[in-house]
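The values are calculated or read from the model by the stated rules, or taken from the named source; none is laboratory data. No experiment lies behind these values; they were computed from the predicted model shown. Virtual Cβ from ideal backbone geometry, glycine too; neighbours counted across all protein chains shown. What goes into the accessible areas is simple: the full protein's heavy atoms, side chains included, and nothing from ligands, DNA or RNA. Shrake-Rupley method; radii C 1.70, N 1.55, O 1.52, S 1.80 Å.
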Amino acid sequence: MTRTLDYDVLIIGSGAGGGTVAERLSKLCAQGMRIAVVEAGPWYRREHFNMREPDMLSLFLDRGAVPAKSFDIAVTAAQCVGGSTSVYTGVTFRAPEGLIAGWSRDFGLPELTEADVHSRFARLEAAIDAHVPGRDYENENNRVFRQGCEQLGWPVKQFQLNIKQCERCGFCNLGCPYGAKRGTLEVQLPAALAAGVELIPNCRIECVRDGGAEGVISPAPSGTQAGEHEPGPVRFNAKVVVVAAGTLNSSALLLRSQLPELSPACGKYLTLHPALTSFARMEQDVRGWGGFPKLYYTDQFSSSDHYYIETAFYFPFMTARSLPGFGAEPKRFMQAYSQLACALTLVHDEPAEHNAIRWEHGRRVLDYRLSVASKTALVHAQRSAGRIYFGAGALEYVSLLGKRFSVSRERELDDAITLDALVPGKVVVSSAHPMGGCRMGKDPATSVTNAWGQVHGHPSVVVADASLMPTSSKVNPYLTIMALADRVAEGIEHRLTR
Amino acid sequence: MMNAPGFRFFTPQTAEIFASIAACIVPASADTPDGAGSAAALAVADRALSERPAQDRKLLTIFLSLIERLPLLRYGRPFTKLPQDKQIKVLAFLESNRWVPALRQGFFGVKTFALLGYYGHPSSFPALGYPGPRLDAPYYRVRREGEGRP
């Protein structure tokens, strides 16, 4: 039997967007308002993270990656309490100067100003302990990257990270087992819950409507924290429904809900920051699992070729999955796992109408094709990462775009790493930064929400996540998502209390 | 079709096919006698596969069946009855197939789970020089305390 739960605000999704809205609105609980956060995934607390790759797949949407129909790319997104802030590395970037002003100008959003969003960045950074850590965080993996960039005369910049009393265990991407990563799981949600917000994990929302939503609560998987509600179908009534289910799910939810007069732009204009990992075998031990995995990046080619290169580290399975071919050659390389240095090359892609989330035959479909510009940038980036490592003394360099398994000299890079190797399905480019699909704008024909996240024609249905972004954030979108969600929450607060 | 004993996804037939493929993807060698076709690796892959969306499981089952039959055309024997050098040729044909993207995609999927089975199991860690999870983390501490050990 379907039970009914009544709230003033129902927040769908508990990641960077939903968690920020929950915390911002939680003060309304003191005024007697009822607020709930529903999360489709399980509730892992720090003592549930066991750092084993096969077990921690359950933190991710579809228990792994979501491939595009084209198989050009596969997107990794979390589906657990805390969302992708539970599985990212703590990188906290401000949106580049001019980005918000560009959105405001190009999409008819005069209320959305650069100054407003940047003032939120400063407040949010303080709340999540974002800072640039000291050089003592540099492990060998990071040192090799820095040395290689310095050898080439390329700028090496340090990430701002939201960590506190970090154990430097390196397991950030499988859930921080010490609670040191100051993401939504450790900061916004505990604060919201303490103020009276309810959290309903394992609750998949089937559809939203003006005034509520319908969903199903599933039993909590073993080894996770259960919620307070019994499993079964549930009907939510709410004055405001906040859709913050992440880029892959928010537009899919709106599409399958068949809201009347929903913008034809819903689901469209995705950007993904296509990325490829590459590896260098060094003579010395690198032991990338020890210390902080991601400290530096270079933006040497950001303006000219539209990509960043940054340090990265992956556990054995993900490393092996990121190597070309199969058989004895990758196995040989993996046996030097303790000597591997790793970089991630990440491309700034442009929004295109045909790159979209669709709802077809009862399923979410990711329809995305890499542009020629993105493919060209990936090839350039993979060669550049090789130059960094040969500059630091690498013995061999492995890229998924290599004509052969590995390259052993810097001068071979241009010939060995080519566009021809980028065959969809053989090489699957990755993404961890999906954005767009419910983009803000003035025109309902080309945008889904207004500047306050309200869906055109449905002012009580509000979007508050990365899907709001009209273009790529150019950098890790975490802080930008939070700033936009904070702004959306301010609008809700104003409308509920006026 | 009944699952193979101890498995949630594999049937006896699909387990045999998957193990043959996995043994090509991460082959056994003198210093690492267990490749990805080992029982331990299969158990990890089986669990992960059993938790994939239903559509993915169905497609993978079809693809395994296809791999088993495909060599009949060229070699007159199913995949599992071929010597490993021929099996590798079949897999290389699938991995790089220029004409049918679904073959490349299917191979990528099987390869992914074979790698997860092998490199996700702690028995592979010593050969990598990887120590595995930090045992002083709360997950392990809580369980030790629950068992009455410090």
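For this structure, a couple of remarks:
- Taking first residues from the range A:434-447 that are β-branched (Val, Ile, Thr) and partners that are in a loop (DSSP other than H, G, I, E, B), the Cβ contacts under 7 Å between residues at least 6 apart in sequence or on separate chains come to A:446/A:265.
- Scanning the range A:424-433 for residues that are open to solvent by 10 Å² or more (accessible area, probe 1.4 Å) and touching a residue at least 24 places away in the same chain (Cβ under 8 Å) gives A:424, A:428, A:430, A:432, A:433.
- Applying the condition of being surrounded by fewer than 22 Cβ atoms within 10 Å (Cβ to Cβ) and in a strand (DSSP E or B) to the range A:32-60 and asking which residue is modelled with the highest pLDDT yields A:36.
- In the range B:57-75, of all residues being within 13 Å of chain A (Cβ to nearest Cβ) and within 15 Å of the chain's Cα centre (by Cα), the one that is farthest from residue A:60 (Cα to Cα) corresponds to B:63.
- Just so you know, in the range B:24-38 the residues that are more than 10 Å from chain A (Cβ to nearest Cβ) and in contact with a helix residue (DSSP H, G or I) (Cβ under 9 Å, 6 or more places away or on another chain) include one that is most open to solvent (accessible area, probe 1.4 Å), and it is B:34.
- The range B:39-56, residues that are of a type outside the set (Ser, Thr, Tyr), within 13 Å of another protein chain (Cβ to nearest Cβ) and open to solvent by 20 Å² or more (accessible area, probe 1.4 Å): B:40, B:43, B:44, B:47, B:51, B:52, B:53, B:54, B:55, B:56
- All positions within the range B:1-16 that are within 24 Å of residue A:65 (Cα to Cα), hydrophobic (A, V, I, L, M, F, W, C) and more than 10 Å from the chain's Cα centre (by Cα): B:7, B:9, B:10
- Among the residues of the range B:89-118, those identified as farther than 16 Å from residue B:63 by Cα and crowded, with 19+ Cβ neighbours inside 10 Å are B:115, B:116, B:117, B:118.
- Annotation note: of A:410, A:360, A:396, the sole residue that is surrounded by 18 or more Cβ atoms within 10 Å (Cβ to Cβ) and either acidic (Asp, Glu) or in the same structural domain as residue A:257 (by TED's automatic domain parsing) (or both) is A:396.
Let's see how each residue does on (1) of a type in the set (Lys, Arg); (2) within 26 Å of residue A:131 (Cβ to Cβ); (3) open to solvent by 10 Å² or more (accessible area, probe 1.4 Å):
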residue: A:73; (1), (2), (3): no, no, no
residue: A:81; (1), (2), (3): no, yes, no
residue: A:84; (1), (2), (3): no, yes, yes
residue: A:101; (1), (2), (3): no, no, yes
residue: A:108; (1), (2), (3): no, no, yes
residue: A:111; (1), (2), (3): no, no, yes
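- Answer residue from the range A:290-314, given it is in contact with a Leu (Cβ under 7 Å, 6 or more places away or on another chain) and open to solvent by 10 Å² or more (accessible area, probe 1.4 Å) and is nearest to the other protein chains (Cβ to nearest Cβ) among those: A:310
- Of all residues in the range B:76-124, those that are more than 9 Å from chain A (Cβ to nearest Cβ) and either in a loop (DSSP other than H, G, I, E, B) or over 14 Å from the mean Cα position of the chain (by Cα) (or both) total 19.
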